[in-house]
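Below is one structure; the comments refer to it alone.
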Amino acid sequence: MEPIEATLPLFDEEPARPLADRLRPTQLDDVVGQDHLLAPDAPLGRMVAQQRLSSAILWGPPGVGKTTIARLLADAGNLAFEPVSATFSGVADLRKVFATARSRRGIGQGTLLFVDEIHRFNRAQQDSFLPYVEDGTVKPDWASARRLSPRGGREGAERGPSGSGGISAIPPRVGGRREA
């Protein structure tokens, strides 16, 4: 009896990706339903147009595209994308990310640090970010499914249409004025 040839491409081709991954936008213009953030006159749209990304908190329910938007912002700003999950990471993991970001910065490459579930870090863990944010080593993008009470005088929110289920961006304030 001769061996039966496999009809499934197990080793020759890339395995089928999940539907969500195949449908994920590949550029900011492909993102649907977040015009209140990404339109040319919206907060993130202005930052991208000016090539001046600043820190932001992306807040919204699971599955609305917070991580995808952060990744696309990094691409649009020619920044390396470093995702970190506060659920699975600690200060040691952050130090590794910061060291890599500092090395990149030394050769002129910026880093967008995406921290998912930032509210799960305690105050000491959150404080470990400060020197690296302040010296420009990383441009953080925080994501949370819960509303945060940002520290350090950061307040305010750019809200989407009421009941839209979309993302809210909370840009930081410095001295009572929004960063450009």
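Please treat every number below as a calculation from the coordinates, not as lab data. Please read all numbers here as calculations on a predicted model, not as lab measurements. FYI the Cβ positions are ideal-geometry reconstructions off the backbone, even for glycines, and counts take in every protein chain you see.
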- Taking Lys and Arg as +1 and Asp and Glu as -1, residues besides Thr87 with C-beta under 12 Å from its C-beta add up to -2
- Report the extension gain between Asp41 and Ala80 in nm, rounded to one decimal, defined as 0.36 nm multiplied by the number of residues separating them, less their alpha carbon distance. 11.5 nm
- According to a simple spin-label model (label point 7 Å from Cα along Cα-to-Cβ), what is the distance in nm between Arg22 and Arg120? 2.9
- Query: Relative to the compact globular guide of 2.2 N^0.38 Å, what is the alpha carbon radius of gyration of region 39-89, as a ratio?
  - Reply: 1.20
